[in-house]
Amino acid sequence: MRHPPGGYQVARIGEDPEAFEAFYREHVQTMLRYAARRSRDPFAAADLVADVFLAAISAASGYREELGSPVAWLHGIARNVAAAEDRRAARLSAAESRISGHRLLENDDIARLEERIDAEQACHGLLDAMATLPAGQRAVLELVAVDGLTIAEAAAALEIKAVAARVRLHRARSAMRRALSAQTAPDSTPSLAPPLEVTP
């Protein structure tokens, strides 16, 4: 079996602190970007990142390479955690007690999350356009165009076939081009290209 980069085995992160630390260091920035896109509250985003890694520890023994790369597997976990956020409210205090004394995000991480969230403000038009996509198309577009996964990895994370992921990605990109063209075009004159520069 081919081991993931970084000298650790994903299946061991639940029982080996050094394996978990290597896994966490390799993937935390990816998860911070994921969380920053989904919350404008840095503390809520930090909670999401912590919950994703806690879920990864719990699920680690079931990791199999054929399920996808470690980053695709982690994205699948992240999506499940985010989707269950509303149902997690009743379990929040129990989750906090489990991670007390081992804080996964320090003050510097919170500051970086705030910076990321501020940076996302400039992309609201793009994010608003993405929000209009059907859920399946948006999921593939985010994983491939934003998170940098391959189509095969995105398909594995979403538990769909690669050909279905490819079709969804094509439709999502087409819809985004139409939406962004509509946003940048003047009211009466069609525009062939977005403006080169925007002045306040």
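The values are calculated or read from the model by the stated rules, or taken from the named source; none is laboratory data. Everything numeric in this text was worked out from a predicted model, so none of it was measured. No Cβ is skipped: glycine too gets one built from the backbone with ideal geometry, and neighbour counts run over all protein chains shown. Surface accessibility is based on the protein's heavy atoms, side chains included, excluding ligands, DNA and RNA. Shrake-Rupley method; radii C 1.70, N 1.55, O 1.52, S 1.80 Å.
If you check ALA11 against the conditions, is it at pLDDT 85 or above, within 25 Å of THR150 (Cα to Cα) and more than 20 Å from the chain's Cα centre (by Cα)?
It is true that ALA11 is at pLDDT 85 or above, within 25 Å of THR150 (Cα to Cα) and more than 20 Å from the chain's Cα centre (by Cα).
Please list, ordered by first then second residue, the pairs with beta carbon atoms under 8 Å, 6 or more apart or interchain, first in region 141-162 and open to solvent by less than 40 Å² (accessible area, probe 1.4 Å), second assigned to a helix (DSSP H, G or I) and of a type in the set (Phe, Trp, Tyr).
What qualifies is ASP147/TYR34; ALA156/TRP73; ALA157/TRP73.
Which one of the conditions (1) under 16 Å from GLU153 (Cβ atoms); (2) within 20 Å of the chain's Cα centre (by Cα) does ALA60 fail to meet, given that it meets all the rest?
(1)
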